[in-house]
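Let me begin by presenting the structure, written as structure tokens, before commenting on it.
The values are calculated or read from the model by the stated rules, or taken from the named source; none is laboratory data. Keep in mind that what you see is a predicted model, and the values were worked out from it rather than measured. Cβ: placed from backbone, ideal geometry, glycine included. Neighbour counts: every protein chain shown. Just so you know, the surface numbers come from the protein's heavy atoms only, side chains and all, with ligands and any DNA or RNA stripped out. Shrake-Rupley method; radii C 1.70, N 1.55, O 1.52, S 1.80 Å.
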Amino acid sequence: MRLQMRVSEQSDNRLRKTLMRTLVGQIGRRAETIILPLELLRHLKPSEFNDAQEYHLWQKRQLRILEIGLLIHPSIPVGKDNASASRLLEIIQLCETKTIDTSKNSETMKSLSNAVAALAWRSVEDAPSDTCRWADGYPLNIHIYTALLGSIFDLKDDTLVLNEVDELLELMKKTWSTLGITRSIHNLCFTWVLFEQYVVTNQVEPDLLGATLTMLTDVANDAKKVDRDRIYLKMLKNVLTSMKRWCEKRLLNYHASFHAENVVLMENIIPLMFSASKILDEDVPGYVSSAAEKGDVKDDSKGNRVNHFIGSSLRSAFSKLLEERSINIVSFENEDMIESLIKLANATEELATKEKEIFTPVLKKYHPIAAGVAAVTLHTCYGTLLRQYLAGTTFLTSETALVLQRAGKLEKVLVQMVVEDSVDSEDGGKMMVREMIPYEVDSIKINLLRKWIHDSLKKGKEVLVRSKDSETWNPKSKSEPYAQSAIDLVRHSKEAVENFFEIPTIITENLVTDIADGIENLFKEYVIFVASCGAKQNYMPTLPPLTRCGQDTKFMKLWKKAARTVGSNDPNQHLTDEDNNPRPSTSRGTQRLYVRLNTLYYLLQHLNSLDKTLSLSTRVIASPGSRYNKNRQLACCSFFDQTRFSIQTAIQHISEVAAYRLMFFDSNSVFYSSLYVGDVENARIRPALRILKQNLTLLCAILTDRAQPLALKEVMRASFEAYLMVLLAGGSRRHFTIMDHHMIEEDTQSLKRVFCTCGEGLILEDVVEKEAATVEAIVTLMGQSTQQLIEDFSTMACEASGIGVIGNGQKLPMPPTTGKWNRSDANTILRVLCHRNDKISNHFLKKTFHLAKRRS
């Protein structure tokens, strides 16, 4: 015991001498009646110390013990007017400056002895007593006794208890009467010493914790006794509150306090905390847990407390993960936030696995679904961060999709963790799963992807608006003879579709339809813009009024004859055969129409490519009743059928407008304004055909191969229409005789040959024949006699008006102008008669319709 208390041999010898001198002549004196500090002062002399200073310090120490035991912490309080207390205090103060005389005859020593004895042998009423009390006051007695109890630990290894512990404890019992120790106080002190030793030795010896828990059982029994005094209850409250708070501090962050190697300590700390809490709640009067101790737990049951520990510890562990990744949950700013969130999800899953494998087996003894609570907590922690990130996300990107994908995987792991841990619960964990606010990853992805689609289409709309403002319809280059605006629109659409399918998320058929419909609307609006080029009627000349041919005067006949003889130009003739190097008459405006045609075919080509990309993508998840078949191809219709129809309609429209512009505007001077003006023989079609061939060559040079057939066909139709306008609505400068029929017929065949020989079979001969049928029929009418024409006209006019047969006094009705020339059309035959330069037709028209005579 002396060795464990680190008492030197010199001090031990002094103590033994003092005891022997004290007990001389006092056989049978009780040990508790010996006031050791006083006896030491009386019997030990300065000569027994090395020097005066050492003796002085030792003297002061003994007086300090007396002061603490008798004045500061006495078991029976001392009144302020107690003379003995005043005298003792004076002596103590006197010793502060010099040593006091302790010899046998010293008045100071006598005064000290009397004062100490009076104070030590008092009763409650300050009357003399048969009990000596000099070291049994609280907390002096407890400090002395716990110091004694601390001697049970090995000096070489302070985590071990000596084998002689029982013998040592028996020796310590001898001090109980002096120190006022009871069995209950001993048990409480011993519990605290074991617990304190475990804490101060870095918590490396679980046996100390186990011994503490064992002793706490005795403390619990003691706490139930009815004879507990005030001091004991105060000690009980202080000791157990300290132990409880220490345990709770570690359990509230058990991920930082424990690991796989020392998790067994939790098995002692948890019951230690609950035992301490139970004693405090049940056996300490007036004890109420503070708000800090309870946390947010309303029901202080074991399950709820463990629930609180799990939530608190995991939130702390999650916060540490954020700190390690420099994620500020308040400002939420980090350049590598995407990568951090993905790594955080991985770390959260690892944390959940660690919880399940290491801590759940211990915690499940106190909470039936401890792992479920952990899963819900982690789900909430990551969900809060995820929602905060998504709040600043406007649309889905590849990076955001990766975050959501990883979050969805984490959620499945955590939900499965709840379900597995709740197998034995009544509802199978349904209630706990309902506490987990779902991440709704799929719906968020769809909503963000729709926002992304909307944003992408909005940018496409901006491209379209810029195109309308800046498009000049000049080809980008010879190799790319289409508008720059179409290139921009196609590029944007393709990039949108490619980026759409690169987003790592589930793509439903509805989402594909959304982006396809948006692109289609952009294309349809662009097609309307391309097709906004006027109408073919804008280029057709106004039909001149119907007039009858008049015979030339003698002067005009002589003039025309002289002109042919001399070779001078007729005033009405604009082009001769002498021009051997004709140039195409195609205007810039018409060429821009060709660029529009190329642009539409370019759109059609890339629309098919987009359609194929959307239709054949393996990323699309087909829904029931899907338009996709088993071969990942569209089973019913494509995505852009309406746009294709719009493009085809626009191509037809622009081809017609370009053709009519070419024939009636660009070639007006060599065709409608010149052909057969004056007379047929001197204004044949050959010069016009040479210009037409040059125009067709330029057309084929500008238009792409796919655009050429329809454009040439429409030019052919427009040329036939222009030719019929020359023959039937040529105005006052044209008149024909039956003798001109042969030349006109030759010119008609020449015009047909131009298109039959244009390109390499771009227009089939059968198509040319079909389109030229009406022209040939009209030319045939021009070869008929005037009388026959009048008879045919009269019959058809009567039939068209419903008259049947003209009676006496009736007039033929004027047939309406339909513009649809046909040999069976009365108006068409009437126009042939109007252009017939002979007396019979002139007389018929004058008599029947009173048509005015033409002015040359």
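Okay, residues lined up against (1) touching a helix residue (DSSP H, G or I) at 6+ places or on another chain (Cβ under 6 Å); (2) not basic (Lys, Arg):
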| site | (1), (2) |
| --- | --- |
| Arg42 | no, no |
| Lys60 | yes, no |
| Arg64 | no, no |
| Gly79 | no, yes |
| Arg87 | yes, no |
| Ile92 | yes, yes |
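Would a scan of the range 119-127 turn up a residue that is closer than 18 Å to Ile34 by Cα and in contact with a strand residue (DSSP E or B) (Cβ under 9 Å, 6 or more places away or on another chain)?
Checked against the condition, which is being closer than 18 Å to Ile34 by Cα and in contact with a strand residue (DSSP E or B) (Cβ under 9 Å, 6 or more places away or on another chain), the range 119-127 yields at least one hit.
Please go through the range 596-614 and give me each residue that is surrounded by fewer than 23 Cβ atoms within 10 Å (Cβ to Cβ) and of a type in the set (Val, Ile, Thr), ordered by number.
Thr613
Quick one: which of Leu390, Leu396 is touching a residue at least 40 places away in the same chain (Cβ under 8 Å), in a helix (DSSP H, G or I) and closer than 30 Å to Asn499 by Cα?
Leu390
Checking the structure you have, find out if any residue of the range 624-635 is at negative phi, at pLDDT below 80, aromatic (Phe, Trp, Tyr) and surrounded by 14 or more Cβ atoms within 10 Å (Cβ to Cβ). Please lay out each step first, then the result.
Just the residues of the range 624-635 that are at negative phi, to begin with: 624, 626-631, 633-635.
Then keep just the ones that are at pLDDT below 80; that gives 624, 626-631, 633-635.
Those still in the list that are aromatic (Phe, Trp, Tyr) too: 628.
Of the ones still in play, those that are also surrounded by 14 or more Cβ atoms within 10 Å (Cβ to Cβ) are 628.
Yes; the residues of the range 624-635 include at least one that is at negative phi, at pLDDT below 80, aromatic (Phe, Trp, Tyr) and surrounded by 14 or more Cβ atoms within 10 Å (Cβ to Cβ).
Given the conditions (1) surrounded by 14 or more Cβ atoms within 10 Å (Cβ to Cβ); (2) β-branched (Val, Ile, Thr); (3) assigned to a loop (DSSP other than H, G, I, E, B), and given that Val204 satisfies all but one, which numbered condition is not satisfied?
Checking Val204 against (1) surrounded by 14 or more Cβ atoms within 10 Å (Cβ to Cβ); (2) β-branched (Val, Ile, Thr); (3) assigned to a loop (DSSP other than H, G, I, E, B), the one that fails is (1).
This table checks each residue for (1) in a helix (DSSP H, G or I); (2) of a type in the set (D, E, K, R); (3) surrounded by fewer than 18 Cβ atoms within 10 Å (Cβ to Cβ); (4) outside the structural domain of Glu267 (by the TED database).
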site	(1), (2), (3), (4)
Lys343	yes, yes, yes, yes
Thr353	yes, no, yes, yes
Val373	yes, no, no, yes
His379	yes, no, no, yes
Thr384	yes, no, yes, yes
Ala401	yes, no, no, yes
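Might you let me know whether the range 183-197 holds any residue that is farther than 23 Å from Asp154 by Cα, touching a helix residue (DSSP H, G or I) at 6+ places or on another chain (Cβ under 9 Å) and open to solvent by 60 Å² or more (accessible area, probe 1.4 Å)?
Yes: one or more hits.
Within the range 52-67, does at least one residue satisfy the condition of being free of Cβ contacts under 8 Å to residues at least 24 places away in the same chain and buried (at least 17 other Cβ atoms within 10 Å of the Cβ)?
Checking the range 52-67: at least one residue is free of Cβ contacts under 8 Å to residues at least 24 places away in the same chain and buried (at least 17 other Cβ atoms within 10 Å of the Cβ).
Conditions tested, residue by residue: (1) at pLDDT below 90; (2) over 26 Å from the mean Cα position of the chain (by Cα).
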{"residue": "Glu399", "(1), (2)": "yes, no"}
{"residue": "Leu410", "(1), (2)": "no, no"}
{"residue": "Glu420", "(1), (2)": "yes, yes"}
{"residue": "Ile444", "(1), (2)": "yes, no"}
{"residue": "Thr472", "(1), (2)": "no, yes"}
{"residue": "Glu480", "(1), (2)": "yes, yes"}
{"residue": "Val490", "(1), (2)": "no, yes"}
{"residue": "Ser493", "(1), (2)": "no, no"}
{"residue": "Phe500", "(1), (2)": "yes, no"}
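Have a look at Leu41, Leu94, Leu36, Leu23 and point out the one that is modelled with pLDDT under 95 and open to solvent by less than 10 Å² (accessible area, probe 1.4 Å).
Leu41
Which of the residues belonging to the range 730-739 are farther than 26 Å from Asn695 by Cβ and either assigned to a loop (DSSP other than H, G, I, E, B) or in contact (Cβ under 8 Å) with a residue 12 or more places away in the chain (or both)?
Going residue by residue through the range 730-739, those that are farther than 26 Å from Asn695 by Cβ are 732, 735-739.
Hits for the range 730-739 are Ser732, His735, Phe736, Thr737, Ile738.
Yes or no: Val680 β-branched (Val, Ile, Thr), surrounded by 22 or more Cβ atoms within 10 Å (Cβ to Cβ) and touching a residue at least 12 places away in the same chain (Cβ under 8 Å)? It would help to see each step written out before you state the result.
On the way: β-branched (Val, Ile, Thr): yes; surrounded by 22 or more Cβ atoms within 10 Å (Cβ to Cβ): no; touching a residue at least 12 places away in the same chain (Cβ under 8 Å): yes.
Judged against the criteria, Val680 is not a match.
Yes or no, residue by residue, for (1) touching a strand residue (DSSP E or B) at 6+ places or on another chain (Cβ under 9 Å); (2) within 27 Å of Lys354 (Cβ to Cβ); (3) buried (at least 19 other Cβ atoms within 10 Å of the Cβ):
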{"position": "Leu414", "(1), (2), (3)": "no, yes, yes"}
{"position": "Asp424", "(1), (2), (3)": "no, yes, no"}
{"position": "Gly429", "(1), (2), (3)": "no, yes, yes"}
{"position": "Met432", "(1), (2), (3)": "no, yes, yes"}
{"position": "Pro438", "(1), (2), (3)": "no, yes, no"}
{"position": "Asp442", "(1), (2), (3)": "no, no, no"}
{"position": "Lys445", "(1), (2), (3)": "no, no, yes"}
{"position": "Trp452", "(1), (2), (3)": "no, no, yes"}
{"position": "Lys461", "(1), (2), (3)": "no, no, no"}
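Among the residues of the range 320-329, is any crowded, with 16+ Cβ neighbours inside 10 Å, at pLDDT 90 or above, within 23 Å of Thr212 (Cα to Cα) and not hydroxyl-bearing (Ser, Thr, Tyr)?
no
Identify the single condition in (1) more than 30 Å from Val161 (Cα to Cα); (2) open to solvent by 70 Å² or more (accessible area, probe 1.4 Å); (3) touching a residue at least 12 places away in the same chain (Cβ under 8 Å) that Leu3 does not satisfy, given that it satisfies every other one.
Of everything listed in (1) more than 30 Å from Val161 (Cα to Cα); (2) open to solvent by 70 Å² or more (accessible area, probe 1.4 Å); (3) touching a residue at least 12 places away in the same chain (Cβ under 8 Å), Leu3 misses just condition (1).
With (1) surrounded by fewer than 18 Cβ atoms within 10 Å (Cβ to Cβ); (2) in contact with a strand residue (DSSP E or B) (Cβ under 8 Å, 6 or more places away or on another chain) as the list, and Lys104 as the residue in question, which single condition is left unmet?
Going through (1) surrounded by fewer than 18 Cβ atoms within 10 Å (Cβ to Cβ); (2) in contact with a strand residue (DSSP E or B) (Cβ under 8 Å, 6 or more places away or on another chain) one by one, Lys104 breaks only (2).
Quick one: how many residues across the range 146-186 are farther than 17 Å from Ala31 by Cβ and either in contact with a Cys (Cβ under 7 Å, 6 or more places away or on another chain) or in a loop (DSSP other than H, G, I, E, B) (or both)?
Step one: list which residues in the range 146-186 are farther than 17 Å from Ala31 by Cβ, which gives 146-147, 149-169, 182-186.
Next, from what is left, pick out any that are either in contact with a Cys (Cβ under 7 Å, 6 or more places away or on another chain) or in a loop (DSSP other than H, G, I, E, B) (or both): 146, 149, 154-160, 162-164, 182.
Residues meeting the conditions: 13.
Give me the pairs: first residue in the range 445-466 and over 16 Å from Glu525 (Cα atoms) and of a type in the set (D, E, K, R), second residue open to solvent by less than 30 Å² (accessible area, probe 1.4 Å) and in a helix (DSSP H, G or I), beta-carbon distance under 6 Å, and six or more apart or on different chains, which are they?
Short answer, once both residue conditions are applied: Lys445/Leu404.
Determine whether the range 123-140 contains at least one residue that is in the same structural domain as Arg230 (by the TED database), among the β-branched types (Val, Ile, Thr) and not in a helix (DSSP H, G or I).
No, there is no match, as no residue in the range 123-140 is in the same structural domain as Arg230 (by the TED database), among the β-branched types (Val, Ile, Thr) and not in a helix (DSSP H, G or I).
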